[in-house]
Amino acid sequence: MRTPKLFALPFVLAMAAGVAMGQTAKRSFTLVISADSSIVKQGSPISIKIELRNISDHNIGWTMAPGGDLHGEIIGFPPILRDVQGREPPLTKWGRKVLGRGGAPDDAPLVRNAVFRYEMPPGKVMKTEIRLDEVYDLTSPGKYTIQVSHYDEDNKEEAKSNTLTITVTP
């Protein structure tokens, strides 16, 4: 004969799992990247398009640094680029500056007070693009995986986009 404690254990575990699942915060946005082509000739421009959609019921923010139409949003959407060995390609001078990973005095990071923050209402979509070949030295042929990240203020964590694979050919 089962004791009441053992009989209740599956019920208690199911309730605990339901509470834990109910506490998982919902994303406040979707983050999708795309490229015009997955195969790019060496030395050609390599752009990715970024789409951030506010799916919450409140305003969310995104940041923009000075740098024009192709690089302004890079601080709000830092790229994650890796070769087939999982290594990050070398950064260009601009990449070192904007991502704050310089070593030489002329690679000093951007002044952070020059960064702008914008509010995006529910349902709105922000679209931009980043020229990866101006951030990374992609002169070596090969396959590269690309994602971008964006900080989710609701969940207090970095959210990553889908992953693209781009092949640079000679």
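A short reminder: the numbers here are calculations on the coordinates, not readings from a lab. Just so it is clear, the model here is predicted, and its values are computed rather than measured. Here the Cβ is made from the backbone with ideal geometry for all residues, glycine too, and neighbour counts use every protein chain on show.
Counting neighbouring Cβ atoms within 10 Å and putting the fewest first, the residues SER28, SER34 line up as SER34, SER28. Neighbour counts of C-beta atoms inside 10 Å place PHE29, PHE77 in the sequence PHE29, PHE77, starting with the fewest.
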